[in-house]
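> Okay, handing you the structure first.
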Amino acid sequence: MTRISLHVNGTAVERDVEPRTSLADFLRESCALTATHLGCEHGACGACTVLVDGMIARSCLKFAVMCEGREVVTLEGLADDALSDTIKQAFHESHALQCGFCTPGMLMAARDLLSRNPIPSEDQVRAALAGHICRCTGYSGIVHAIILASRRLIPVE
Amino acid sequence: MSGDAHSSGGWIGASLLRKEDARHLAGKAMFVADVRLPGLQDIAFVRSQIAHGRIVSMAKPAGAESRVFTIADFPSLHVLEAGPELDAFRQSPYPALASDKVRYVGQAMAACVAPTRALAEDLAELVQVDCSELPAVVDAIAAMSPGSARLFESWADNAYITRTISAGDLSRLKDAPIRLRRKFRMNRQATVSLETRGVVAHWDARLEELVVYLSTQGGHVMRLGLARALGLPENQIRVIAPDVGGGFGGKNRLLPEEIAVCAIALKVGHPVRWIEDRREHLLASVHCRDHHYDLIVSADSEGHLLGIEGDVHIDAGAYALWPTGSFMEASMAAGNLPGPYRIKALSVNTFTVATNKAPMGPYRGVARPGACFAIERLVDEVALHMGIEPYELRKRNLVTREEMPYNTVAGLKLDTGDYHDALDTAAAMVDIPAVRRRQAERKPGEPRIGVGFAVYTEQSGHGVVEWSKRKSRVVPGYESANVRMLPDGSVTIHVGVQNHGQGHETTLAQIAAHELSLDPSQIRIRYGDTATTPFGFGSFASRSIVFAGGAVGTTTRRLAEKIRLIGAHFLQADPKDVRIENGHVISQSGSVAFSEIALAANIRQEMLPQGMDPLLDMTGTYEPTESAGVFSYGTHAVVVEVDEATGGVKILDYAVSEDCGTMINPMIVDGQVQGGISQGIGTGLYEEIPFNAEGQPLATTFADYMMPCATEIPTVRIAHSVTPAKVTEYGVKGVGEGGAIAPPAALANAVADAFRDCKASFNETPLTPRRVWDAVQIARAGAAS
């Protein structure tokens, strides 16, 4: 076991973890933060995407011990985030989710894209989602939602 | 895509935004892996590394004997009979953990329990397994040759069942002016729900019952299977399906791991959990498709299709899954080969074959993607042979509106619709003349483009008649609903179907809102718990809106009638002079709120009409007035670009013209169509689990199993027609599967169209760059020689 200290959703957390424990398992099992979903555990589906020091990261590919001293934010930590609220509302209105399993990762990817590129083209949206699997929607609603959120954040004349 | 909440009060047909979204968007959903119970431990399985072998020994690691389980630890566990109730269907006993033999790579052999999954996997690595390897059976057609190795020694050959389906006058076929023979193959893939399978089970000592959290499409039926396997009465098993992250058919079978986890829970005295990982999912969850067709199509000189003859092999894998196995694949494949065409003769030998691969189960579309691929490719091949537009050949053969209801040669009753209109609409959407102009103007070196069509039907709402005909072990002929108005006038409805993304909490509330003239926000739909819901079969076969929609509608209607009677009593009016509106019973002189009526019905019985039973609580079942099924249908039209140098296919335009009868929520219908097509494109272009000669699967991660993402799947343009069904409530038909049926056929036809100058044939899915390139080289070599 290794003792790690980090911030999770703004709260200081100190825990003993096995060196092999992934950040995803740490968040889900040690911190009871189950919004972060595991769809493949090999970095392909994107459902486990979280923020580490403000950058999106696949929590299944990162060890918890790599996050010593870092700031980790999960979907639970974005409950009062205005940008996320706009995206979530757009997801709701665009029927961008069906079973909901991919949704936390999709929201993270959408937020990351719009914070870097507030007015993305459809191709840019699709490229930003290229590492995220949704089995239900066929992506159309998700793409629509992100463009809708973008328009609401920066109204075009 | 529509998205505005509807406020006019006409709830049937409103694109109401979904009630289930909020918890998912907040990260507050609960999937099986999110269930937390004190003392919970994880399970990891030891799985077979070989495709076929006899187990010589399995040794538990010293000191861990009480945490490692093999089938020998469960002498009283029953093996379930699975497959249709036909004597000709051979039994393939599938134990919860392998007993004497292993028959596919990934078959569960032992289970290890530890405080974490990582520790359980450590333990699994220490289990010593010794198997003597047997020859692997990996090709479904070769498996039927007399010399083939046998999966089950007591069987005379490797077929679960062999049947010939023959109908109509076959004598005209052999002298038909056009006779083309083609072979088609739709390869094996996985269902790939993004949430994998999962079970959490524990014995509740107070209630003396086994509580099973299960990611399933139908908890009641799974409980029946678990009860039989475990030897427990059903009233001592409670199955809870919380949020279920997609199923697509794959979660509609009881798999051995699920039985094993429950059996372990009964032994160890603390909660146990198994969450399938993605490798396990691709190895050992339900596999699907894997159809092989060798067919001759006959047509007259005007291109009227006369008949289809040939063989269909279904590679069904090593075992039949409870309850019904995959036997419907063969009969549905053969039965759907005539498609929506006026084909008068059919003679197909079907072989459902056991191979050393993971067992086959249902996947969105069940058999019809393969059948549609075969018939729609044949239509295009006849058109190519005659030198006419495939669109035109379809026009000559499609059943017309006037001919409906039309009994196909295979015995399906196509009930309502206008297939010609769907084809015309899709053709107009992709603009065939414009595509032909672009093809003509193409300069050397530019990518080729092609346009392809596929017409499909989607049987839904089929009940007793159809499932009995199929000799199904479970006959899902009805659905049920319990409708309760509580003392304050709010409504809770319990149903036996299982939402796993379809939006039932919204659509079923819309139906109840329509019947009660109430806002859907005051109606809560509950499901997924055998302790609280009436018996139901679950969600599959595009059945939920027909059956559960009907059950909610008819039961709520009866409740509304009782409300109306009480209201009339309150208003001292004749019941025929009062109506229900906006949460009130209204007469000419006054109105009374549901809340007052509900209060009386629940806690003030003395206020009710003389002799009336208390409570506003009704349970009802529903089946359509005819149970042979109602058919949704449509035409898919796709324009593709093909890179000649690589064989890579890119979709430029995808248009659908479809009719699923009355739409309860058009936004959700569009979502089903788009999502279904996405999966159909996966089948058509990307997804495949190949096996080598030793029966080793070659795609066990998302690195080698290609899943389509947002960069591969276009936004589909959808046109709707609405021809209400005649035998269902509100005229609804199912819509869950249709999207997945036609894309492989439409895509292959489009790629073939791009290469029609060299008459290359594209008859195997997925159409990987390699297969496309090979097909072109073969055609050119053939033309050159």
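Each reported figure results from applying straightforward, stated rules to the coordinates on display, with no laboratory input. Computed from a predicted model, the values in this text were never measured in an experiment. All Cβ positions, even for glycine, are placed from backbone atoms using ideal geometry, and neighbour counts span all protein chains on display.
> Just add up the charged neighbours of residue B:324: K/R +1, D/E -1, any other residue whose Cβ is under 12 Å from the Cβ of residue B:324.
Computed value for this residue: +1.
> Averaged over peptide B:29-39, how many Cβ atoms belonging to another chain are found within 10 Å of each residue's Cβ?
The shielding value for this peptide is 3.
> May I have the convex hull volume per residue, in Å³, for the Cα set of the protein assembly as shown?
In the protein assembly as shown, the Cα hull volume divided by residue count equals 188 Å³.
> Now a separate question. How about residue B:443: which aspartates and glutamates have a C-alpha closer than 20 Å to its C-alpha, ignoring those fewer than 8 places off in the same chain?
B:641, B:643, B:644, B:753, B:757
> Looking at B:423, B:785, B:607, which one has the Cα that reaches farthest to the positive end of the dipole of chain B (charges on Cβ: Lys, Arg +1; Asp, Glu -1)?
B:785
> Please express the Cα-Cα pair-distance distribution P(r) of chain B as a list of whole percents, one per 20 Å bin, running from 0 to the bin with the greatest distance.
16, 47, 30, 7, 0
> Next question. Could you work out the percent of alpha carbon pairs in the stretch A:81-153 separated by over 14 Å, rounded to a whole number?
In whole percent, the share of Cα-Cα pairs in the stretch A:81-153 beyond 14 Å is 50.
> What list of ³J(HN,Hα) couplings, whole Hz, do you get for the stretch B:168-173 from phi and the Karplus terms 6.51, -1.76, 1.60, once you set θ to phi - 60° and write x for glycine and proline?
x, 8, 7, 5, 6, 6
> Still on this structure, I have one more. Based on the Cβ-Cβ distance from residue A:13 to residue B:116, what FRET efficiency comes out when R0 is 22 Å, to the nearest 0.05?
Once rounded, the FRET efficiency stands at 0.75.
> For residue B:40, project a label point 7 Å along Cα to C-beta. Then give me every residue of the stretch B:201-229 with its amide nitrogen under 16 Å of that point.
Label zone hits: B:201-204, B:211-216.
> Rounding to the nearest 10 and keeping the result within 0 to 90°, find how far the Cα-based axis of helix A:82-93 lies from the longest principal axis of chain A.
Once rounded, the angle reads 60 degrees.
> Considering just Cα atoms, how many Å³ per residue does the convex hull of the stretch A:2-77 enclose?
Dividing the Cα hull volume of the stretch A:2-77 by its residues yields 72 Å³.
> Give me the orientation-averaged projected area of the Cα convex hull of the stretch A:16-157, in nm², one decimal.
8.4 nm²
> What is the spin-label model distance, in nm, from residue B:436 to residue A:152 if the labels are put 7 Å beyond Cα along the C-beta direction?
Once both label points are built, they end up 4.7 nm from each other.
> Which lysines, if any, have their Cα less than 17 Å from the Cα of residue B:174, not counting same-chain residues under 8 positions apart?
B:344
> Mind checking A:88-95 for the average number of partner chain beta-carbons within 10 Å of each residue's beta-carbon?
Taking all residues of A:88-95 together, the mean is 6.
> Next up: Considering every Cα-Cα pair within the stretch B:168-258, what fraction, in whole percent, is farther apart than 18 Å?
Everything past 18 Å amounts to 58 percent.
> Arrange the peptides B:337-348, B:694-705 so that the one whose residues have, on average, the most other Cβ atoms within 10 Å appears first.
Per-residue mean Cβ counts within 10 Å order the peptides as B:337-348, B:694-705.
> Enter the mean number of other protein chain beta carbons within 10 Å of the beta carbon of each residue in A:31-41, as an integer.
6
> Taking θ = phi - 60°, what integer Hz values does the Karplus form 6.51 cos²θ - 1.76 cosθ + 1.60 yield along the stretch B:148-153, in sequence order, with x for Gly and Pro?
5, 4, 10, 6, 10, 4
> Turning to a different aspect of this structure: Let me check I've understood the local charge: for residue B:580, count other residues with C-beta under 10 angstrom from its C-beta, Lys and Arg +1, Asp and Glu -1. What total comes out?
-1
> Related question: Compare the Cα positions of B:235, B:325, B:510 along the charge dipole of the protein assembly as shown (+1 at Cβ of Lys, Arg; -1 at Cβ of Asp, Glu; about the Cα centre) and return the one farthest towards the positive end.
B:325
> Please give the charge dipole size of chain B, origin at the Cα centre, charges +1 on K and R Cβ atoms and -1 on D and E Cβ atoms. Round to the nearest 20 debye.
For this selection, approximately 620 debye.
> Which GluC sites (Glu not before Pro) in the stretch B:145-236 sit in a loop by DSSP (not H, G, I, E or B) and have at most 11 other Cβ atoms within 10 Å of their own Cβ?
Sites meeting the loop and neighbour criteria: B:153, B:208.
> Is there a quick way to get the dipole size of the stretch A:2-77? I mean about its Cα centre, with the Cβ of Lys and Arg at +1 and of Asp and Glu at -1; what is the value in debye to the nearest 20?
120 debye
> Using amide H atoms built in the peptide plane, which far-off residues or other-chain residues are under 5 Å from residue B:502 H to H?
Counting only residues 5 or more places away or on other chains, the set is empty.
> Now for a different question. Would you please name the trypsin sites (Lys or Arg not before Pro) within the stretch B:418-526 that are DSSP coil residues with at most 14 other C-beta atoms within 10 Å of their C-beta?
B:442
> Provide the per-residue ³J(HN,Hα) series for the stretch B:320-329, in order, calculated from phi with Karplus coefficients 6.51, -1.76, 1.60 and θ = phi - 60°, each as a whole number of Hz, with x at glycine and proline positions.
8, 8, 6, x, 10, x, 10, 5, 5, 3
> Related question: In the structure displayed, which of B:60/B:251; B:28/B:251; B:183/B:759; B:395/B:759; B:562/B:733 lie more than 25 Å apart, Cα to Cα?
Over 25 Å Cα-Cα: B:60/B:251; B:562/B:733.
> Note down the net charge around residue A:1, summing +1 for each Lys or Arg and -1 for each Asp or Glu among other residues with Cβ under 13 Å from its Cβ.
With Lys, Arg at +1 and Asp, Glu at -1, the net is 0.
> Counting other Cβ atoms within 10 Å of each Cβ, which trypsin sites (Lys or Arg not before Pro) in the stretch B:184-293 have at most 13 and sit in a DSSP loop?
Answer by residue number: B:206.
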